[in-house]
Structures are given as C-alpha cells and as structure tokens.
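One structure below.
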Amino acid sequence: MTVVQTTPSAQAGPSDGLLTRVSDTLWRRPTLLLLILLTPPALWLGIIYLGSLFALLLQSFFSIDHFTGLINHEVTLATYAELFTPANFDIIRRTVGMATIVTLASAVIAFPIAYYAARYAKGAWRALFYLGIMMPLWSSYLVKVYAWKLILAKEGILTWIFEGLHLTWLLDAYLALPVIGGNSLSVSPTGTFLVFVYVWLPYMVLPIQAALERVPGSMLEASGDLGATPAQTFRHVLLPLALPGVIAGSIFTFSLTLGDYIIPQIIGTSRLFIGQAVYQHQGIAGNIPLAAAFAVVPIVIMGVYLWIAKRMGAFDAL
Amino acid sequence: MHSDRASLKLKIAAAAGLLFLHLPIALIFVYAFTTEEKSFQWPPPGYTLKWFAATWNRPDVWEAMALSLKVAAISTLLAMILGTLCAAAVSRTKFFGRESISLLVILPIALPGVVTGIALRSAFSIAEVPFSTWTIVLGHATFCVVIVYNNAVARFRRTSGSLIEASMDLGANLFQTLRHVILPNIATALVVGGMLAFALSFDEVIVTTFTAGQQQTLPIWMLEELVRPRERPVTNVVAMVVVLVTLLPILGAYYLTRGTEAVAGQGK
C-alpha cells in the first residue's frame, strides 16, 4: 500500500472530478475514512444502546417510595438490598438453578449430534445435518414454545403416548413428585425445563460442532492405538479438546435462560423467574428501580461467567 | 471410535437429538388442519381446511403481519448499513478501541433480551418518546447489526486486501473500487446477513414487548393468543405460516453460503 504512490486519479475523466478528489483525500487520510465508516454505527450503538443501558443502571440506584409510589431520585443501595429479601432472592436462585440444569442437559443432548455432524456426516448428510440444526435454530421462538404447549397439554400427544404404552401410572407418579411435578406437565417445572432445553439446544450444538471439527481424527486413532478404550479416549482426549466449544455454547444457553420471561410465563408454575420479575416490576407495579436492579443481576452473572469462559479459551470456538 | 463408521450408540443418540429438534415443529403442521376447536386434543378428531379461510379473513392477523414485515424490512436495511460500515472499519484497519467496537456490536445479543428491552423502554420514557413503529425499529436494528456484522467481517477477512490495492493502482478511485471490486465480493455475505437479520427481526418478541406499546407485531399477536387464547385453530394456522415464512430466508441464506469458502484473491 505504501510502495505505489502514483495518483489514482490519473485515468479518471474530468466529469467525475469531485468524486475523484474526495476519493483521493480519503485514500491519503485513512483515519478520515475510518472515522466516516465508524461514526454511524458507533453513534447508533453508543447513544441508543449504551445510553439506554446507562440510564437503566442509574435508575437501579434510585428507590421507590412505597407509600406514594413515586421514584425517589436519591442515590441509594436500598433497591439492591431489596433483591436479598427471601422472596426476591428465591427468584434469583430459581432462575440460576434452572439455567444451570438447562445448560447441562443441553450439553449432554447436543454432544452426540455435534460429534456425528463434525466427524461422520459427509456430502449430502452433512448438508442435511447443517440444515437440521439451522432450521430449528431459526424457526420462530414463539411457535416452538407453542408446539410444546400442544405436546405437554393434558389432552396432548405425550399423554396419548403414555396411554398407548400403558404407562400412565408412571406419568402420574412423576407428576405427584414434589418440586418437579405439578397438575400436568404443562404447569410443572419439568415442562419449563423441557421447553428451555428444546429452544436453546441448537445454540449448544453449533459451537461444540465447531470445536470438534478442529480435532484431528488421527489424534483419536492414536489414543485408541495406544490402548485407550473408547470411554477413555472420550474422557481424556475428546472432551478436553471440545470443552471450549461446550463453554461457548453454555454462554448462550445460560444467558438466554437467565433473561427469558416468556417460556416460564406460558409453560410452568406461577413462580417467577428473573425476566418475569423485571417485566412485572416495570409494568404493573411501576417500580422501575427494582426492575432495573433485577435486570442488573443477569448482567453481573453473565459478566462473571464470560470472564471465566474467556480464561478457559471459549471465545476461540465461537 | 477410531473407525470411519460411527458406532450404533452414537448414531441413535444423534438421530434422537435431531428428532427431538424437529418433531415439535412437525406437530404444528398437523394441528393446523385439526377440526378440534376447544382443546389441544391428540390425535386430532378430524382434518379440515376451513381454518385457513378463517385466518385469511381475520384483519388483525393481516395488520400484525404487515407491521412485522414493515419493521423487519426497515430494521434489516438499517442493520445492513450500520453492520457493513462497522465490519469494513474493523477488518480493514487496526485502531485504538477496535476490540471495544466488536464488543459493543455483540453486546445487544450477548445480554439477555429483557435487559435490552427494559433499557430501551426506560430510555424512551425518560426522553418522552411516544411508542411508534420507529421505537420498535430502534430496538430491532440494534440487535440485527451484529448478524450483518458477523457475516460481513468474515467475508472481508477472506477478501484479499491486494484486490483493492490492485484496483486503485489500476486507476480506479475509491468509489469505482467500491462499486466494481468490493461490493461484488461481499454481496452474498450482505444478502445472507440481511436475510438472517430479517428472520430475526420478524420473529423477535422479548425486546418488542417493551418497545411496541399498544402495537401488535405478529409475534406479539401470537403471544397474546398463547397467554389468553381466543381462537386456537387460527393460532395453529398462523404458527404454521410463520414457520414457512421464516424458513425461506434460512434456506436462501444456506443456498447462498454453500461453497463460498473459495473467494477470489483468497490465500494471498
């Protein structure tokens, strides 16, 4: 770029003189070009997005007067303290717990799909696998949730299958269990869990697949040749190499579960998750400071999570 | 594990996983034809086409669909402009704060949607901006930028810088180079990014609930029906149509990105 210094305008006609002059200036001053390229997106994201986030953060340091319902604009940590009342802390614990088991379950289900797609799927199968993961990923979120409402309904297909297998007693026994059971699957925490796993699963498959594709087949063969059983190869060779992919995927499943408020609202018990708490406090209750404080919780959790993930090298697998 | 054939266990696990991903969506297609009105009864007692006609005659569905298409179109356009500019800046040069720009672009989808939603909502109320199509667009464009950005950055990286230099050395000015060299090279990446951004915006509900006010996009219409069902068969039909509508951009994006690994000037 520095070697050739002839004027680029040498062959341009006189009619486009202005354009050429502008072009010359930009070429000679890359900083100016950079500035022109960057200003619109930086302004958009900086003002609209960061500005909004900052305003939100600010509000979480205000508090609400519980008698008048007005917002008290004095900086205080009282709203954050409210997060630790038993009822509110329960919401946070429930959400984080759900996000954890959803992430673990997604990883277990996603691994075989990703492994097969990365190592064995060839040609047309490969394309089929790719579309097989991309299509559910991009299908409408609400339609997916709706599909599960159909599946888990008392008169739905799952009950029908259990009846057909003469296993209704098993389903009933399961639903009778405390904590995970409920009146029917669609109003039980198990239902919420199933839908979360279903909806976020493709986000787990893709990064694991990307990580596995970088594992050379010869390495697995070497492990086998040196006498490792398939289980040992998996435990000591494949899993450590795939771990960054798993962690990258877990960032999605964890973050998406933390912030979702629609799935637990449609399928599950009436007990709240963080997202629902945010929505309700800003909406009906008009308690913006508490809603803001609740919204900061997933930000902080994800901040810590990303920091750990970065240290484990997860971002190279994205 | 060391052979070229997958073990039976792995095959079963992978197939089961894929079935788990696809059967629920397939179910939607069956339910769109059911004669049952009041419940989600399985198996359907009978099959009919009348709900397609009923849905066709529902003005609220058409209005929601029109708003969704409009929002998705404008947001996609904005995201394509902003995302491409950003990708061009980040991939062509190294500058101070380059990493923070990438982070800034990714942040709107890295943070939970509910955070983006309430942040925008509270900003609108502070700035006293009334809800309109544009408040929805504002939110959607913000998280669509990253989709276009990711696709464009990947393509810019593969497009050799020497192509641009060659064009300039041969006497083309910056705009001619843009028109005849850069744009043809990144065109498919932009179209793919745009299609995916469109699909994302068309489907988005979490941020939209905070920025829409009383307006109904199609996902918000669906959400209403899910929370307070009015006419279940119509919801079934709309669900099926939504699956088909979002499928098109995805298949298109796949078709266009097939075999784009080899781009002119690559490897230099």
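FYI, it's all coordinate maths here, none of it is from the lab. Owing to the predicted nature of the structure, the values given are computational and were not obtained by experimental measurement. All Cβ positions, glycine included, derive from the backbone under ideal geometry; neighbour counts span all protein chains shown.
So if R0 is 30 Å, what FRET efficiency would B:LYS9 and A:ILE308 give, r being the distance between their Cβ atoms, rounded to the nearest 0.05? If you can, show how the numbers build up before the last one.
Values: r = 32 Å, r/R0 = 1.07.
Given R0 = 30 Å and the Cβ-Cβ separation, E is 0.40.
When all alpha carbon pairs of the stretch B:1-100 are counted in 10 Å bins from zero, the resulting P(r) reads 11, 17, 19, 20, 23, 9, 1 %. Measuring r between the beta carbons of B:LEU103 and A:PHE162 and using R0 = 41 Å, the FRET efficiency lands at 0.30. Cβ-to-Cβ counts within 10 Å put A:THR76, B:THR257, B:THR235 in ascending order as A:THR76, B:THR257, B:THR235, the fewest first.
Work out, step by step, the length gained on full extension between B:PHE52 and B:LYS38: first 0.36 nm times the residue separation, then minus their alpha carbon distance; give nm to one decimal. Mind showing how you got there, number by number?
Numbers: separation 14, 0.36 × 14 = 5.04 nm, distance 1.69 nm.
The span from B:PHE52 to B:LYS38 would gain 3.4 nm if fully extended.
Grab the other residues whose beta carbon is less than 14 angstrom from that of A:ILE64, score K and R as +1, D and E as -1, and report the net. Please report the intermediate quantities before stating the final value.
Working: positive: none; negative: A:ASP65, A:GLU74, A:GLU82.
Here the count lands on -3.
Under a 5 Å amide H cut-off, with hydrogens placed 1.01 Å from N, A:ASN72 pairs with A:SER63, A:ILE64, A:ASP65 among residues at least 5 apart or on other chains. DSSP loop trypsin sites (Lys or Arg not before Pro) in the stretch A:134-238 with at most 15 other Cβ atoms within 10 Å of their Cβ, which ones? Here the trypsin sites (Lys or Arg not before Pro) that fit, given the DSSP loop and packing criteria, are A:LYS154, A:ARG214. Simple point charges give the picture: +1 on the Cβ of Lys and Arg, -1 on the Cβ of Asp and Glu, and for chain B a dipole about the Cα centre of about 620 debye. Under the simplified labelling scheme, the B:ALA166-B:TRP62 pair shows an inter-label distance of 5.4 nm, with each label point 7 Å from Cα along Cα→Cβ.
Mean shadow of chain A, computed from the convex hull of its alpha carbons, in nm²?
Numbers: hull surface 113.8 nm².
Value for chain A: 28.5 nm².
Write out the GluC sites (Glu not before Pro) in the stretch B:99-169 meeting two conditions: DSSP loop, and at most 13 other Cβ atoms within 10 Å of their Cβ. In loop regions of the stretch B:99-169 (DSSP not H, G, I, E or B), the sparsely surrounded GluC sites (Glu not before Pro) are B:GLU128.
Roughly how crowded by other chains is peptide B:237-245, in terms of the mean Cβ count from those chains within 10 Å of each of its Cβ atoms? Display every interim value, and only then the final one.
Working: counts 0, 4, 8, 1, 2, 5, 6, 0, 1.
That average works out to 3.
Karplus-based coupling profile of the stretch A:213-226, in residue order and whole Hz: 5, 8, 7, x, x, 4, 5, 5, 5, 4, 4, x, 4, 7, with θ = phi - 60° in 6.51 cos²θ - 1.76 cosθ + 1.60 and x standing for Gly or Pro.
For the protein assembly as shown, compute the orientation-averaged projected area of the C-alpha convex hull (one quarter of its surface), in nm².
32.4
If you take all other residues with their beta carbon under 14 Å from the beta carbon of A:PHE89, and give Lys and Arg +1 and Asp and Glu -1, the sum is +1.
Translational diffusion of the stretch B:58-257 was estimated from the Stokes-Einstein equation, with Rh taken as the Kirkwood radius over Cα pairs; at 25 °C and 0.890 mPa s the coefficient is 133 µm²/s.
Using a Förster distance of 22 angstrom, determine the FRET efficiency expected from the C-beta separation of A:ALA127 and A:LEU243, and round it to 0.05. Walk me through the intermediate numbers first.
On the way: r = 28 Å, r/R0 = 1.26.
My answer for the efficiency is 0.20.
The string of couplings for the stretch A:152-158 from the Karplus curve (6.51, -1.76, 1.60, θ = phi - 60°) is 8, 4, 4, 8, x, 5, 5 Hz, one whole number per residue in order, with x for Gly and Pro.
Once you order the gyration tensor axes a ≥ b ≥ c over the Cα atoms, which shape class does the stretch A:18-76 get: rounded for a/c under 1.5, otherwise prolate or oblate by comparing a/b with b/c? Numbers along the way, then the final one.
Values: a/c = 7.34, a/b = 5.31, b/c = 1.38.
Prolate, since a/c reaches 1.5 and a/b exceeds b/c.
In the structure shown, do any of A:LYS310/B:LYS9; A:LYS122/A:LYS144; A:LYS122/A:LYS310; A:LYS154/B:LYS38 have a Cα-Cα gap over 24 Å, and if so which? The pairs that break the limit, which is 24 Å between Cα atoms, are A:LYS310/B:LYS9; A:LYS122/A:LYS144; A:LYS122/A:LYS310. Residue by residue, the stretch B:211-225 carries 3J(HN,Hα) couplings of 10, 8, x, 8, 6, 10, 7, 4, x, 5, 4, 4, 4, 3, 5 Hz when phi is fed to the Karplus relation 6.51 cos²θ - 1.76 cosθ + 1.60 (θ = phi - 60°); x denotes Gly or Pro. Shown here for the stretch B:143-230: trypsin sites (Lys or Arg not before Pro) in loop regions (DSSP other than H, G, I, E, B) with at most 13 other Cβ atoms within 10 Å, namely B:ARG230.
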